[in-house]
């Protein structure tokens, strides 16, 4: 007798994204409550399970939701503010002054709501964030039904949500205590970078992350300028410096890691750190190409991120991962290296799970279905076709693990279309 389930998704080309990259065509997926209970060949699933609701996917691709491994989602409101600038000029001359004046809880919440709508439309169901007023990011994300690692930023100078480092640490501690154990949100601490913190701050943030067993999210070795300055000031590159401060005793998600050598790759691997590779942002800011192939060969966990929408101008992983689709950015890269993205990093949860969770979650979100590309025949590896053809605009649906639809017929119902205005401080 068939087992009862709530939902069956049938007639799909299923990309399981398991260790063997198993595909089922035609395939099906069964959901009971908030858990995926079975995935496999359609005939077997339909024989073993009977559902209250059955959805015919029409031969479309059904796959897990994508994971954006590094971003700053409220910066959707700063998109396009400054372009064609070196990272230090872009940050110090434009972003930080604007953020100090305009960033507020309302700013962060609205920017996050916009980002969540963009994520849902492009098949992203989980992201790893770093910003100010991170409790607003967490709240807006949970309301949209997405999953996130939310990192409360800590810097050595005054910011929009903390007049001092001590205030930033107190805010981070309170944020972690409030959100620890949430179903959708994993709180984290986020010392911005070695050049915006001190050695003591790195040690203290690592201790806080260890105390609560939460991730630590940080930018590392993003530019050659950063690495050269670290050598001059500390007599060593970035990775050995942060290791000396005990940073890798925490569960580290290291963003960028563009300028690292084989020894530093081994250091990251030996400490089970995860690396968030951000190809489009690195191209736009002329930071260079990260040695991703060498990282993967060493067994390092690598995920794909977009970085913030102000340093990428979009939150679309399918667009960002395909470098050949960004001819406008290729000339801006000042170094030639093997910046090949990992074949399965965008949809794989290995980096996120190892760093954000002690063990992989039982209930992965699922994106799709995605229509098959309009080609003569679907190639043997549709993952490559998804990347090369940038199918964001063809993504038709996105569904939470508890069966709640986040998008149907390419329209995200959780998005609030009402326009709102961010007032200047004091208005």
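Tabulated values for the structure
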{"item": "Yes/no for residue 308 being within 18 Å of the chain's Cα centre (by Cα), closer than 30 Å to residue 83 by Cβ and part of a loop (DSSP other than H, G, I, E, B)", "result": "yes"}
{"item": "Among the candidates 28, 82, 69, residue that is crowded, with 21+ Cβ neighbours inside 10 Å, under 28 Å from residue 258 (Cα atoms) and touching a helix residue (DSSP H, G or I) at 6+ places or on another chain (Cβ under 9 Å)", "result": "69"}
{"item": "Flag if residue 5 is assigned to a strand (DSSP E or B), surrounded by 19 or more Cβ atoms within 10 Å (Cβ to Cβ) and in contact with a strand residue (DSSP E or B) (Cβ under 6 Å, 6 or more places away or on another chain)", "result": "yes"}
{"item": "Residue that is farthest from residue 281 (Cα to Cα) [pool: residues in segment 62-110 that are in contact with a strand residue (DSSP E or B) (Cβ under 7 Å, 6 or more places away or on another chain) and in a loop (DSSP other than H, G, I, E, B)]", "result": "65"}
{"item": "Checking residue 169 against (1) surrounded by 22 or more Cβ atoms within 10 Å (Cβ to Cβ); (2) touching a strand residue (DSSP E or B) at 6+ places or on another chain (Cβ under 7 Å); (3) not in a strand (DSSP E or B), the condition it does not meet", "result": "(1)"}
{"item": "Residue under evaluation residue 155, criteria (1) under 24 Å from residue 197 (Cβ atoms); (2) at pLDDT below 95; (3) buried (at least 16 other Cβ atoms within 10 Å of the Cβ), criterion not met", "result": "(2)"}
{"item": "Output for segment 195-210, where each listed residue is within 26 Å of residue 148 (Cβ to Cβ) and assigned to a loop (DSSP other than H, G, I, E, B)", "result": "197"}
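The values are calculated or read from the model by the stated rules, or taken from the named source; none is laboratory data. These numbers come from a predicted model, not from an experiment. Don't worry about glycine lacking a Cβ; one is built from the backbone with ideal geometry, like all the others, and counts go over all protein chains shown.
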